[in-house]
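Undergrad: I am attaching a structure below and will ask some questions about it afterwards.
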Amino acid sequence: MKKISNNIFLMMLIFGTLVTISSNSWLGAWMGLEINLLSFIPLMNDNKKNLLTSESSLKYFLTQAFASSILLFAIIMLMFFYNNNMNLYNSFNELLILSTLLLKSGAAPFHFWFPEVMEGLSWINGLILMTWQKIAPLMLISYNFIYKFFMITIILSMLIGSLGGLNQTSIRKLMAFSSINHLGWMLLAMMNNEMLWMIYFLLYSLLSFSIVLMFNNFKLFYFNQIFNMSMMNPIVKLFIFLNLLSLGGLPPFLGFLPKWLVIQNLVTMNQLFILTISVCLTLITLYFYLRLSYSIFMLNYQKNSWLLKNNFNNKLSFTSLIFNFISISGLVMMSMIYVVT
């Protein structure tokens with residue numbers, strides 16, 4: 001019965017996002033966001049063993065409800081001024097709408113709820129929050145563009161996403177800060193090109209799915225679980241950290257491709273200042289991924305000689321292997337296809 005109800009809520013979640021995307025009015029978009037929110041809350045509460053789940057769902061509900069109420073207020077104000085042919089507060093309304101949508105997507109400086117909510121969720125729900133739940137707000141943000149405010153949000157998202165992950169021991173919080181950093185890149189891609197942020201989002205979702213699938217398979221939530229070398233196949237550890245480096249945007253992995261496209265676009269548009277800041281801040285995220293990988297592979301390596309059977313060997317599913325292969329070698333394969341054609 002629980003599985004049937006979860007499937008219904010998942011369908012409603014998808015339906016809510018599709019309503020928002022296909023809506024031709026702000027009121028219709030708001031209605032889609034509300035359907036999406038009210039469908040995700042029951043899905044968050046599926047794990048009764050985790051005490052943080054209820055807290056996370058409450059934090060998520062309060063934040064999203066607050067954003068929705070302000071969004072509805074801004075929409076009503078916009079319609080009122082439009083119907084009365086008043087141009088007064090037009091820019092204020094746009095700023096208000098943009099702020100609420102950034103709050104819904106978890107971009108800085110409205111990111112405060114995102115890592116805390118991620119900490120209490122299961123990996124599958126965390127994946128939904130990092131990927132699917134961002135589609136509707138990002139699509140609406142692309143309709144409502146304020147250049148100066150966008151620049152502040154982009155720089156803050158990259159800064160907080162980079163510095164926030166430096167002292168984390170929880171993998172879920174690290175993924176949350178990584179998501180904030182990637183959100184900054186998506187907004188940067190959105191500034192100049194409508195299609196570019198969608199390509200970035202699709203590739204980011206693929207990389208997130210690949211790594212979250214592995215974390216979910218091995219029930220990994222904290223770094224000290226990964227440090228236990230005697231319990232895990234080194235090949236699996238290699239896959240995990242190659243995936244992390246791909247998510248950080250290190251060449252020659254697939255994660256570098258969307259950043260490459262954005263960098264190329266910014267160079268073409270001659271926006272070198274924001275490009276330099278973005279690349280420098282993203283290097284910080286790469287630093288903590290590399291530091292983690294180095295400490296686990298080089299400094300902390302230990303293996304019991306009497307451990308004959310490895311329990312983790314049979315847990316790496318075929319699906320996970322395919323996604324790992326795409327994440328690690330996707331850019332090389334695409335480059336080879338491009339050269340051949």
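The values are calculated or read from the model by the stated rules, or taken from the named source; none is laboratory data. Predicted model, so just to flag it, every value in this text is computed and none were measured. Reconstructed Cβ throughout: ideal geometry from the backbone, glycine too, with neighbour counts over all protein chains shown. The accessibility values were calculated without ligands, DNA or RNA, using every heavy atom of the protein model including side chains. Shrake-Rupley method; radii C 1.70, N 1.55, O 1.52, S 1.80 Å.
Undergrad: Please go through the range 161-181 and pick out each residue that is farther than 16 Å from residue 122 by Cβ, in a helix (DSSP H, G or I) and open to solvent by 10 Å² or more (accessible area, probe 1.4 Å).
TA: 163, 164, 177 - these are the residues of the range 161-181 that are farther than 16 Å from residue 122 by Cβ, in a helix (DSSP H, G or I) and open to solvent by 10 Å² or more (accessible area, probe 1.4 Å).
Undergrad: Is it the case that some residue within the range 128-147 is touching a strand residue (DSSP E or B) at 6+ places or on another chain (Cβ under 7 Å), under 24 Å from residue 287 (Cα atoms) and at pLDDT 90 or above?
TA: no
Undergrad: Which residues, counting only those in the range 45-60, are surrounded by 16 or more Cβ atoms within 10 Å (Cβ to Cβ) and modelled with pLDDT of 90 or more?
TA: Residues satisfying the conditions are 56, 57, 59, 60.
Undergrad: Please tell me if residue 63 is polar (S, T, N, Q) and in contact with a Lys or Arg (Cβ under 9 Å, 6 or more places away or on another chain).
TA: yes
Undergrad: Does the range 78-97 contain at least one residue that is under 14 Å from residue 29 (Cβ atoms) and open to solvent by 10 Å² or more (accessible area, probe 1.4 Å)?
TA: Looking through the range 78-97, at least one residue is under 14 Å from residue 29 (Cβ atoms) and open to solvent by 10 Å² or more (accessible area, probe 1.4 Å).
Undergrad: Can you pull out the residues in the range 21-37 that are without any contact (Cβ under 8 Å) to a residue 12 or more places away in the chain and not in a loop (DSSP other than H, G, I, E, B)?
TA: 22, 28
Undergrad: Collect the residues in the range 209-268 that are closer than 16 Å to residue 185 by Cβ, among the polar types (S, T, N, Q) and within 17 Å of the chain's Cα centre (by Cα), keeping them in residue-number order.
TA: Answer for the range 209-268, where residues must be closer than 16 Å to residue 185 by Cβ, among the polar types (S, T, N, Q) and within 17 Å of the chain's Cα centre (by Cα): just 246.
Undergrad: When only residues in the range 26-44 that are open to solvent by 40 Å² or more (accessible area, probe 1.4 Å) and of a type in the set (Phe, Trp, Tyr) count, which is farthest from residue 59 (Cα to Cα)?
TA: 26
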